[in-house]
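Q: My structure is below; once you've seen it, I'll send some questions.
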């Protein structure tokens with residue numbers, strides 16, 4: 001659980017609400033259904049128009065990473081790679097076949113299968129790096145969905161503000177309707193700018209960070225597996241992979 005994300009969200013929203021209260025306002029004045037519909041509906045429509053469905057669905061599946069990112073255990077993985085290296089030195093690469101079948105991580109299992117099959121080290125690296133680069137590209141595209149949403153919401157908030165002011169101008173002769181139009185105008189702007197800067201852009205950056213961390217972790221696995229294929233000393237492999245922990 002990433003408690004820093006939760007604290008940041010609560011702090012950001014709480015600061016706005018507290019500021020509203022200290023200025024003598026009420027939180028209820030920031031609740032406006034038409035403004036929310038304009039900003040959220042308009043943003044979702046724009047992002048659906050822009051994004052391929054595969055990337056769109058991947059973006060929403062990745063959203064959970066903001067508070068519950070995939071668990072990476074580099075220390076444990078390095079120990080595992082060194083253990084595999086010792087087995088390979090004692091029993092040969094075929095000694096890793098049973099371990100390969102039982103390995104829970106699909107990426108590491110793919111590397112082990114290439115080892116057992118006797119693939120050339122450079123070929124193994126090439127195959128595994130294509131896997132990493134492709135996954136990183138797709139996941140970064142998914143993270144950019146939230147970045148794009150953060151770019152749209154302020155503009156659509158301004159559209160909502162203009163729409164609210166149009167209603168104000170159309171009802172100048174009816175003072176009872178002026179307040180509602182002005183409320184929609186200003187609250188739509190708050191929704192647009194607030195969603196972009198307190199939620200959507202930070203989410204995009206957090207997801208990008210998670211994607212790059214996972215890629216770095218997989219490159220570490222690649223280096224370990226290729227080193228095993230090249231017959232490097234287990235102690236040297238451990239020393240090399242420790243560099244990824246800095």
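Laboratory data are not the source of any read-out in this text; all were calculated from the coordinates shown. Model, not experiment: these values are computed from the prediction. Here Cβ is always computed from backbone atoms with ideal geometry, including for glycine, and neighbour counts include all displayed protein chains.
Q: Quick check for you: which residues of the range 19-51 have the amide N under 16 Å from the point 7 Å beyond the Cα of residue 167 toward its beta carbon?
A: 29-42
Q: Taking 7 Å along the Cα-to-C-beta vector as the label spot, tell me the residue 127-residue 86 distance in nanometres, rounded to one decimal.
A: Modelled inter-label distance: 2.7 nm.
Q: A further question follows. Could you work out which residue, out of 218, 58, 109, moves most in a Gaussian network model of the chain, that is, has the largest mean-square fluctuation with Cα springs under 10 Å?
A: Comparing 218, 58, 109 in the GNM, the peak value goes to 109.
Q: Distance between Cα centroids, the range 120-146 to the range 49-116: provide it in whole Å.
A: Result: 13 Å between the Cα centres.
Q: Another question, if that's okay. Using just the helices of the chain, give the 222 nm mean residue ellipticity in deg cm²/dmol: DSSP H runs with n ≥ 4 each add -39,500 (n - 2.57), and the total is spread over all residues, rounded to 500.
A: Computed ellipticity for the chain at 222 nm equals -25500 deg cm²/dmol.
Q: On a 0 to 90 degree scale, rounded to 10, what angle separates helix 53-62 from the longest Cα axis of the chain?
A: Helix 53-62 and the main axis of the chain meet at about 80 degrees.
Q: Further question on the same structure: For the residue pair residue 212 and residue 72, what label-to-label distance in nm results when each label sits 7 Å from Cα along the Cα-to-beta-carbon direction?
A: Simple spin-label model gives 1.1 nm for this pair.
Q: Any chance you could get the radius of gyration and Dmax over the Cα atoms of the range 130-175, in Å?
A: 20.1, 66
Q: If you line up the long axis of helix 106-116 against the longest principal axis of the chain, both from Cα atoms, how many degrees apart are they, to the nearest 10?
A: In the chain, helix 106-116 runs at an angle near 20 degrees to the longest axis.
Q: If the convex hull of the alpha-carbon atoms of the range 1-141 is projected onto planes in all directions, what is the mean projected area in square nanometres?
A: For the range 1-141, averaging the hull's shadow over all directions gives 12.8 nm².
Q: Stretched out fully, how many nm does the piece from residue 197 to residue 22 gain, at 0.36 nm a residue minus the Cα gap? List each step's numbers first, then the result.
A: Working: separation 175, 0.36 × 175 = 63.00 nm, distance 2.17 nm.
Full extension of this stretch gives 60.8 nm more.
Q: Could you state, as a whole-number percent, how many of the C-alpha pairs of the range 98-222 are farther apart than 25 Å?
A: On the way: 4104 of 7750 pairs.
Looking at the range 98-222, the distances longer than 25 Å represent 53 percent of pairs.
Q: Further question on the same structure: In 10 Å bins starting at 0, how do the alpha-carbon pair distances of the chain split up by percent?
A: 7, 23, 23, 17, 13, 9, 6, 2, 1, 0
Q: In what order do 244, 152, 146 fall by count of nearby beta-carbon atoms within 10 Å, going from fewest to most?
A: The order, fewest Cβ neighbours first, is 244, 152, 146.
Q: Turning to a different aspect of this structure: Between the helical axis of 74-91 and the dominant principal axis of the chain, each derived from Cα atoms, what acute angle in degrees is found, rounded to the nearest 10?
A: Tilt of helix 74-91: around 20 degrees.
Q: By its C-alpha gyration tensor, with a ≥ b ≥ c as the square roots of the eigenvalues, how is the range 32-88 shaped: rounded for a/c under 1.5, else prolate for a/b larger than b/c, else oblate?
A: Prolate.
Q: Using a 10 angstrom cutoff on alpha carbons, build the Gaussian network for the chain and name the most mobile of 119, 28, 148.
A: Answer for the Gaussian network model of the chain: 28.
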